[in-house]
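The values are calculated or read from the model by the stated rules, or taken from the named source; none is laboratory data. What you see is a predicted model; the values in this text were computed from it and never measured. Cβ sites come from the backbone with ideal geometry, for glycine too, and all protein chains shown count toward neighbours.
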Amino acid sequence: MLERRRQQSIAGGYRLTTHDPATEDVTLVGVGAIMPEVVAAAEALNRQGITAGVVCLTSPDLVFRSFNQRGTVGAARGDDIIGALFPAASAAPLVTVMDGHPHTLSFLAGARGDRIRCLGVSDFGQSSNLADAYQLHGIDTGSIVAAALTLVGR
């Protein structure tokens, strides 16, 4: 398990949740410093009876490359990190969260054809403490939960 997580981290990301992805009602995807809010949102959703998976991307670029190589002739050595993180048979709506531009992870909708809500920072120039900044940009725990609830129809 530890070795697999190490390999996946180097390849671009890993799943924090250990349940079967096929049981997920929604998958939360985070990058970097926002991961505590993503994990807290998953816990809040789970308390409401919504099974939320959590994926931590260590390199959106490598995951995009994996996505972009699918089905191409001569695809790299079986590197299918996107398939490991988002198994085709386990479709679930996605909420992506990062403290960068929200469109960065929008390609993930194409991995399995999932509905998606991309949260991130698209306006710049404000100053505040971290909690206020996350709330201002809609990347705080409450905003993540709200996005997930919308996707699952609650």
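Give me the residue from the stretch 110-154 that is under 19 Å from the mean Cα position of the chain (by Cα) and charged (D, E, K, R) and, out of that set, farthest from ASP99 (Cα to Cα).
Ranking the candidates gives ARG112 first.
Considering only the stretch 12-28, state which residues are over 19 Å from ARG112 (Cα atoms) and not β-branched (Val, Ile, Thr).
Within the stretch 12-28, LEU16 is the sole residue that qualifies.
For the stretch 91-108, what are the residues that are under 21 Å from PRO21 (Cα atoms) and either modelled with pLDDT under 95 or touching a His at 6+ places or on another chain (Cβ under 8 Å) (or both)?
Matches in the stretch 91-108: ALA91 only.
Which residues, taken from the stretch 51-63, are closer than 18 Å to GLN7 by Cβ, of a type outside the set (D, E, K, R) and either over 11 Å from the mean Cα position of the chain (by Cα) or part of a helix (DSSP H, G or I) (or both)? I'd like the intermediate steps shown before the answer.
Residues of the stretch 51-63 that are closer than 18 Å to GLN7 by Cβ, as a first pass: 55-63.
With the extra rule that they be of a type outside the set (D, E, K, R), the set shrinks to 55-60, 62-63.
The answer is SER59, PRO60, LEU62, VAL63.
What residue, among those in the stretch 42-64 that are touching a strand residue (DSSP E or B) at 6+ places or on another chain (Cβ under 6 Å) and aliphatic (A, V, I, L, M), is nearest to LEU149 (Cα to Cα)?
LEU45
I'd like to know if the stretch 95-103 contains one or more residues that are hydrophobic (A, V, I, L, M, F, W, C), more than 23 Å from THR150 (Cα to Cα) and in contact with a Gly (Cβ under 7 Å, 6 or more places away or on another chain).
no
When you scan the stretch 18-33, how many residues do you find that are in contact with an Asp or Glu (Cβ under 9 Å, 6 or more places away or on another chain) and surrounded by 23 or more Cβ atoms within 10 Å (Cβ to Cβ)?
Looking only at that region, the number is 3.
Report, by residue number, each residue of the stretch 17-50 that is over 28 Å from LEU130 (Cα atoms), assigned to a loop (DSSP other than H, G, I, E, B) and not acidic (Asp, Glu).
THR18, HIS19, GLY49 - these are the residues of the stretch 17-50 that are over 28 Å from LEU130 (Cα atoms), assigned to a loop (DSSP other than H, G, I, E, B) and not acidic (Asp, Glu).
State all residues of the stretch 110-139 that are at pLDDT 95 or above, closer than 22 Å to ASN68 by Cβ and aliphatic (A, V, I, L, M); if no residue qualifies, say none.
ILE116
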